[in-house]
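Enquirer: The structure is given below, and queries will be raised subsequently.
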Amino acid sequence: MTLGGEERFLLDTTNPLTYPSLAPSHRHAAVELFDDWAGGLLPVGGMRTLGIYLNRSPRPARDLSSYVESTGSRLFRSLQPRQWLDLLYGDRLSSSFAYGIALGLAYDVQERGAIEASAIQNEIKVGVTLGGPARLLDLSLGLQRVGLTDGTLEQTGGSGLLAEARGRWRIDERTTVTPVAAIELTAYGLSPETRERTRVKAGVAMSVRPTPSVLAIAGILVEADETGRTPTPGAPNLTDRVRVLPALIAGGEVGVGSMVFRLGISHRNLLVDRDVLLRDGSPINNRSSDTDMDVSVGLGFVFGDLLLDGVIEKDFLRDGPHLIGGSRHGGGILSTLSLTYQL
């Protein structure tokens with residue numbers, strides 16, 4: 001996403017996967033051509049909506065994959081759990097109340113003779129939208145369950161809790177203020193290891209649409225991410241803390257005829273702490289700070305209800321212009337490319 005990379009500040013076809021109650025408002029069929037996933041939200045009568053997505057790569061599945069590749073046996077580390085399936089159902093009961101339910105499954109299994117390694121993550125998310133048209137509140141609550149198996153070890157795993165809230169307050173016909181807050185608590189590990197993670201995020205943004213073809217967004221986010229990991233007995237305990245103080249986000253889009261140009265900027269200040277508790281009880285603390293900025297440019301083509309949308313690849317001019325090839329993703333000018341049809 002090119003508008004600053006923060007979908008919580010936006011209202012588009014990606015948000016029903018964060019807030020399932022938005023499903024009746026964003027009926028569409030979409031294909032992500034380079035990242036190889038597809039899905040859509042289809043009407044099933046009235047304001048009821050059924051959604052299905054295949055082969056996505058959301059953050060909880062990426063977190064599980066990152067944990068797996070650094071833990072356990074070689075067979076276990078070869079696992080690549082990916083989100084096989086997402087199912088959504090949403091219904092708008094009135095002009096001021098809508099609800100939605102989303103189910104997700106990430107899974108991978110490897111067998112070598114009689115030895116098996118597997119990682120599975122189930123998620124259920126329930127959301128409601130209340131209020132307005134001038135004042136709306138989107139709420140989402142998710143529960144995760146993780147199961148891990150590595151050879152002859154006893155099957156282990158854990159669970160997680162995700163909660164998000166977003167307000168949408170229209171100041172006037174052109175201006176909307178969007179406060180957001182989210183918390184994520186996960187605890188799982190391959191026995192006898194334990195791993196606990198806490199993420200907290202809060203922010204506020206303002207979007208302005210001075211004309212129907214122009215949109216501008218500016219926001220600020222703060223974030224805290226703490227991961228505690230207790231390895232096998234006798235190894236040191238590790239605690240990593242990452243704080244974002246703050247992240248500045250800005251983005252805009254301009255429509256010119258059938259084309260849409262987008263620009264997004266995200267700037268973050270990072271403070272990173274690593275605490276190590278040795279076997280003899282001696283603590284070691286390492287602290288570092290960093291800053292990063294990400295700038296992305298998007299290009300879209302609108303043909304009625306059909307939108308062809310992508311992010312321009314920064315390296316496509318490095319060796320001369322490439323219409324085919326030249327991209328890290330093999331796509332030439334555009335590093336990502338999606339095709340969306342609004343139903």
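Enquirer: What nm value, rounded to one decimal, do you get for the distance between D35 and D305 when each label is placed 7 Å out toward the C-beta?
Expert: With each label placed 7 Å out from Cα toward Cβ, I get 2.5 nm.
Enquirer: Still on this model: Suppose only helical runs count, i.e. DSSP H with n ≥ 4. What mean residue ellipticity at 222 nm does that imply for the chain under -39500 (n - 2.57) per run, divided by all residues and rounded to the nearest 500 deg cm²/dmol?
Expert: Values: 2 runs with 14 residues, N = 343.
Result for the chain: -1000 deg cm²/dmol, rounded to the nearest 500.
Enquirer: Let me ask something additional. With r as the distance between the Cβ atoms of L141 and T175 and R0 = 35 Å, compute the FRET efficiency 1/(1 + (r/R0)^6) and round to 0.05.
Expert: Working: r = 29 Å, r/R0 = 0.84.
In this case the efficiency is close to 0.75.
Enquirer: What nm distance separates the two modelled labels at Q110 and D294, each placed 7 Å from Cα along Cα→Cβ?
Expert: 2.8 nm
Enquirer: Could you please state how large a percent of the accessible area of the chain is carbon and sulfur, counting protein chains only and using a 1.4 Å probe?
Expert: Details: 10500 of 17500 Å².
Carbon-and-sulfur percentage of accessible area, whole number: 60.
Enquirer: Next question, about the same structure. Given labels modelled 7 Å from the Cα in the Cβ direction, how far is it in nm from R59 to Q342?
Expert: Output for this residue pair reads 2.7 nm.
Enquirer: With r defined as the distance between the Cβ atoms of L87 and V256 and R0 fixed at 45 Å, what FRET efficiency is calculated, to the nearest 0.05?
Expert: Working: r = 38 Å, r/R0 = 0.84.
Efficiency at R0 = 45 Å is approximately 0.75.
Enquirer: Treating only the Cβ of Lys, Arg, Asp and Glu as charged (+1, +1, -1, -1), what charge dipole size does the chain show about its Cα centre? Round to the nearest 20 debye. Show your work: numbers first, answer last.
Expert: Details: 34 positive and 39 negative charges, 114 e Å.
Approximately 540 debye in magnitude.
Enquirer: Could you do me a favour and compute the accessible area per residue for the range 1-136, 1.4 Å probe, result in Å²? Show your work: numbers first, answer last.
Expert: Working: 6200 Å² over 136 residues.
Result: 46 Å² of accessible area for each residue.
Enquirer: What's the angle, to the nearest 10 degrees (0 to 90), between helix 59-68's Cα axis and the longest principal axis of the chain?
Expert: 20 degrees
Enquirer: Would you give the gap between the C-alpha center of the range 106-132 and the C-alpha center of the range 209-224, rounded to a whole Å?
Expert: 33 Å
The values are calculated or read from the model by the stated rules, or taken from the named source; none is laboratory data. The structure displayed is predicted, hence computed values, not measured ones. Glycine gets a Cβ as well: all are built from the backbone with ideal geometry, and neighbour counts include every protein chain shown. Only protein heavy atoms, including side chains, enter the accessible area calculation; ligands, DNA and RNA are left aside. Shrake-Rupley method; radii C 1.70, N 1.55, O 1.52, S 1.80 Å.
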